[in-house]
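J.: Take this structure, written in structure tokens, and hold onto it; I'll ask about it next.
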Amino acid sequence: MKLNKVLFGMMFTASALSALAVAKAPVIDVNTNSIDSSVLTEQLITLSRKLDSRNKAQVNIQRQLDLLQNDLNELRGVTELHTHQLGQVLQRQRELYQEIDRRVNEVLETTQKVALAPSTSSPSVNAPVNGTSYSDNLTENEAYDRALNLVLKDKRYKQAIVEFQAFNRSFPNSSYAPNAHYWLGQLLFNQGELDQADKEFQIVVDKHKDSTKRPDALLKLGMVAQKKNNTKKAIASYQLLLKEYPKSTAAKLAQPRLASLTK
């Protein structure tokens, strides 16, 4: 209807202009005007269709963008959830190790007299003590936990030796390294592998001077030397222990041993 009105207005204007034209002006062909109007109508219809098509395309694009945005938001949510869950797992493992450290430290303090014996049929319970730093590497934690459980829970000492050796090869710079070498030395000591045990304890003493396991390793170096009848080295190890860690539990255990060697 609006289009017809527009065409009618255009035709009315054209008629008025024709009436004011000079006598020699050409006469407007009604048929020609009719053809022009038809062409104009088709062009307008085509333009309208193109506009509709473009609008639909824009709507589809916007819908796809909204879907992609929703997917992105969901992925972000899942990532945040997994990050939170991983953090909880690592925290639980840290708490587990801290609890193991606390309990083992209590056992060590209550079994000082028993530990004075040169050797026992099972490993002396000297786990990592308070002050150990805990790794954020889940695989590293799992490997250390597996080796430790073979000692504390399963009592499978030979298999624990294999696990600790593998751990030391795979994670030479681990925060658990001094504890792992100490445990390995203790297990080898109780298996009678004195040379290898000496090597592991020496690694703790030489390469991990800030470790809380260093005084225990010095004590065990002296005990290994005693087993090998190397009195000079045993005395030197005990004296160094008493000098550097005079208030440690290991020093208290070393005092009667040193006294027996220096009578």
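The values are calculated or read from the model by the stated rules, or taken from the named source; none is laboratory data. All values reported here derive from a predicted model rather than from experimental measurement. Neighbour counts run over all protein chains shown; Cβ positions are idealised from the backbone, glycine included.
J.: How many residues, within segment 168-199, are under 22 Å from Asp210 (Cβ atoms), of a type outside the set (A, V, I, L, M) and part of a helix (DSSP H, G or I)?
T.: The total comes to 10.
J.: Taking Asp210 as the residue in question, decide whether it is assigned to a helix (DSSP H, G or I) and of a type outside the set (A, V, I, L, M).
T.: no
J.: Restrict the check to segment 193-207 and report whether at least one residue is over 26 Å from the mean Cα position of the chain (by Cα), crowded, with 22+ Cβ neighbours inside 10 Å and within 30 Å of Val89 (Cα to Cα).
T.: Within segment 193-207, one or more residues are over 26 Å from the mean Cα position of the chain (by Cα), crowded, with 22+ Cβ neighbours inside 10 Å and within 30 Å of Val89 (Cα to Cα).
J.: Let me ask something else about it. If I filter segment 208-216 for residues that are buried (at least 23 other Cβ atoms within 10 Å of the Cβ), modelled with pLDDT under 90 and on the phi < 0 side of the Ramachandran plot, do I get at least one hit?
T.: No, there is no match, as no residue in segment 208-216 is buried (at least 23 other Cβ atoms within 10 Å of the Cβ), modelled with pLDDT under 90 and on the phi < 0 side of the Ramachandran plot.
J.: Just checking, does segment 208-220 include any residue being of a type in the set (Asp, Glu) and closer than 27 Å to Lys263 by Cβ? Quick ask: steps written out before the conclusion?
T.: Initially, segment 208-220 is screened for residues of a type in the set (Asp, Glu), giving 210, 216.
With the extra rule that they be closer than 27 Å to Lys263 by Cβ, the set shrinks to 216.
Yes, there is a match, as at least one residue in segment 208-220 is of a type in the set (Asp, Glu) and closer than 27 Å to Lys263 by Cβ.
J.: Moving to a separate point now. When the residues of segment 183-192 are filtered to those that are out of contact with any Phe, Trp or Tyr (no Cβ under 7 Å at 6 or more places or on another chain) and buried (at least 20 other Cβ atoms within 10 Å of the Cβ), which remaining residue is nearest to Tyr245 (Cα to Cα)?
T.: Checked segment 183-192; the qualifying residue nearest to Tyr245 (Cα to Cα) is Gln186.
J.: Looking only at segment 169-180, decide whether some residue is more than 24 Å from Leu241 (Cα to Cα), hydrophobic (A, V, I, L, M, F, W, C) and modelled with pLDDT of 90 or more. Working first, answer last.
T.: Step one: filter segment 169-180 for residues more than 24 Å from Leu241 (Cα to Cα), giving 169-174.
Checking which are hydrophobic (A, V, I, L, M, F, W, C) leaves us with 171.
Filter once more, keeping what is modelled with pLDDT of 90 or more: 171.
Looking for residues that are more than 24 Å from Leu241 (Cα to Cα), hydrophobic (A, V, I, L, M, F, W, C) and modelled with pLDDT of 90 or more, one finds at least one in segment 169-180, hence yes.
J.: Also, quick follow-up: Among residues belonging to segment 208-261 that are of a type in the set (S, T, N, Q) and within 29 Å of Ser174 (Cβ to Cβ), point out the one that is farthest from the chain's Cα centre (by Cα). So that I can check it myself, show each step before the final result.
T.: Step one: filter segment 208-261 for residues of a type in the set (S, T, N, Q), giving 211-212, 226, 229-231, 237, 239, 248-249, 255, 260.
Next cut, within 29 Å of Ser174 (Cβ to Cβ) only: 211-212, 237, 248-249.
On the way: Ser211: 24, Thr212: 26, Ser237: 40, Ser248: 35, Thr249: 35 Å.
This residue is Ser237.
J.: Given the structure, is Lys227 exposed (fewer than 15 other Cβ atoms within 10 Å of the Cβ), touching a Pro at 6+ places or on another chain (Cβ under 9 Å) and at negative phi?
T.: Criteria not met by Lys227.
J.: Can you pull out every residue in segment 172-187 that is of a type in the set (A, V, I, L, M) and touching a Pro at 6+ places or on another chain (Cβ under 6 Å)?
T.: If the condition is that a residue be of a type in the set (A, V, I, L, M) and touching a Pro at 6+ places or on another chain (Cβ under 6 Å), then Leu187 is the only one that fits.
J.: Tell me which of these Gly131 doesn't satisfy, since it passes every other one: (1) modelled with pLDDT of 90 or more; (2) more than 21 Å from the chain's Cα centre (by Cα).
T.: Single failed check for Gly131: (1).
J.: Sort out which residues of segment 245-263 are among the charged types (D, E, K, R) and either touching a residue at least 60 places away in the same chain (Cβ under 8 Å) or surrounded by 13 or more Cβ atoms within 10 Å (Cβ to Cβ) (or both), and write them in order of number.
T.: Answer for segment 245-263, where residues must be among the charged types (D, E, K, R) and either touching a residue at least 60 places away in the same chain (Cβ under 8 Å) or surrounded by 13 or more Cβ atoms within 10 Å (Cβ to Cβ) (or both): Lys252, Arg257.
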